[in-house]
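No value in this document is a laboratory result; all are computed from the given coordinates. All figures in this text were calculated on a predicted structure; none of them were measured in a lab. Virtual Cβ from ideal backbone geometry, glycine too; neighbours counted across all protein chains shown.
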Amino acid sequence: MKIAIVYYSQTGNTKKVADLIAEGAKKTQNVDVKCMSIEEIDTEFLVEAKAVIFGSPTIAGTFAWQLKQWLDTNRNIGGKLGAVFATAKFVGGGAEVAELSLIAELLVKGMMVYSSGAAEGQPFIHYGAVCIQDGDEGQKERARIFGERIANKAVELFK
Ligand SMILES: Cc1cc2nc3c(=O)[nH]c(=O)nc-3n(C[C@H](O)[C@H](O)[C@H](O)COP(=O)(O)O)c2cc1C
């Protein structure tokens, strides 16, 4: 089963977190995980993916307009499992607003949104993984765990 991680990254932090999420997702058996910047989309892989995890830097308290533009012009992600993550410069800088705004976009597209929430216990991941810049070790591990949880859910739903 294919899982795509689609991100926008200007200075590399969000890309690094995408790689961590991919590392976690790859712990799940029978998944093929691919990270792709919105500037280098593997369309065939994305079409076949059952789950798509979107990531953005927090820009002025929400997600990047570049990703919004990409979403506005790519409509074929309905019916897939969707999840989000964000990077930010500081705690309280709006990463969760960025995630919720992104989640609203995914709902409009008809995706089934999942974060793992509190249902999986510790560490709680309410809306999606968050890393300050590219994250300290604790944040990095949460990003890996997030990836694994999304992959497990995708396998559960679509196997
Ligand atoms: C124009 C601009 C606006 C930003 N606004 C915020 C913000 O509102 N809150 C925040 O925490 N970080 C903000 N940041 C910092 C980025 O979210 C953070 O550095 C992020 O990790 C960058 O990701 P990237 O390296 O993938 O581009 C801003 C950065 C830029 C360039």
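Worth a mention:
- Sequence-distant lysines (8 or more away, or on other chains) whose Cα lies within less than 23 Å of residue 109: 2, 34, 50, 68, 80, 153, 159
- Region 78-159: chymotrypsin sites (Phe, Trp or Tyr not before Pro) in DSSP coil with no more than 13 other Cβ atoms inside 10 Å: 90, 124
- Pairs of alpha carbons in the chain whose separation is greater than 30 Å (percent): 5
- Taking region 7-159 and dividing mean pair separation by its residue count, relative contact order in percent (alpha carbons under 8 Å, at least six apart): 30
- Each principal axis of the Cα cloud of region 114-159 was taken in turn, and the coordinate range along them, longest first, works out to 34, 17, 14 Å.
- Pair residue 112, residue 76: separation of 7 Å Cα→Cβ label points (nm): 2.1
- Cα-Cα P(r), region 89-133, percent of pairs per 10 Å interval: 26, 47, 26, 0
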